[in-house]
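The values are calculated or read from the model by the stated rules, or taken from the named source; none is laboratory data. Just so it is clear, the structure is predicted and the values come from calculations on it, not from any experiment. FYI the Cβ positions are ideal-geometry reconstructions off the backbone, even for glycines, and counts take in every protein chain you see.
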Amino acid sequence: MDDFNKPGSVARSVAKSEIETLFHRYAVLAKETASEEKIAPLFTPDGVFRLPNGVAVKPANMLKVVQGNNPKFIRHHITSIEIDFISPNEAHTEAYYIAITHLSSMDHWGCWKDVVTRGSEGTWLIADRTIVVDGGDPKGWYKTTYPD
């Protein structure tokens, strides 16, 4: 076991905190007034954003996927985050979320499955994000925008 993975590792604790901060920043930015200019820098330059239907887009194009039906109000709330460090510079994660919109207080829920990497400047970035939707309100924004 290397020092990074030893219980009580300060470096591991700092990395975990930085990854959690990255996810909370994304959740704060991913709202009805979302800006690609603010969200895209949370991803690596070659990062990928995968929709529940399997469509993959560059983070700079992620707002184009709402199919012209932007929610009037949306907030993402993160509930639990699992971080599995592959190395001191890469982790695979699952972050569970609940989305609240103008149409439903429990619009949709699921998890973000991510590969995060530490960039050359030491900042953790999302290299690959897969959006998983486990369920949703049939009358909510998600189900009316992305019907089964």
* Some residue of segment 72-94 being hydrophobic (A, V, I, L, M, F, W, C), within 15 Å of the chain's Cα centre (by Cα), loosely packed, with under 15 Cβ neighbours inside 10 Å and not in a loop (DSSP other than H, G, I, E, B) -> no
* Is one or more of the residues making up segment 125-138 over 18 Å from the mean Cα position of the chain (by Cα) and touching a residue at least 24 places away in the same chain (Cβ under 8 Å)? -> yes
* Asked: Scanning segment 13-44 for residues that are charged (D, E, K, R) and at pLDDT below 95, which turns out nearest to I81 (Cα to Cα)?
  -> K31
* Might you let me know whether segment 39-59 holds any residue that is assigned to a loop (DSSP other than H, G, I, E, B), of a type in the set (A, V, I, L, M) and in contact (Cβ under 8 Å) with a residue 60 or more places away in the chain? => yes
* Report, by residue number, each residue of segment 55-85 that is touching a His at 6+ places or on another chain (Cβ under 6 Å) and either modelled with pLDDT of 95 or more or among the small types (G, A, S) (or both). => F73, D84
* Can A99 be described as farther than 17 Å from T117 by Cβ, at pLDDT 95 or above, assigned to a helix (DSSP H, G or I) and touching a His at 6+ places or on another chain (Cβ under 8 Å)? -> no
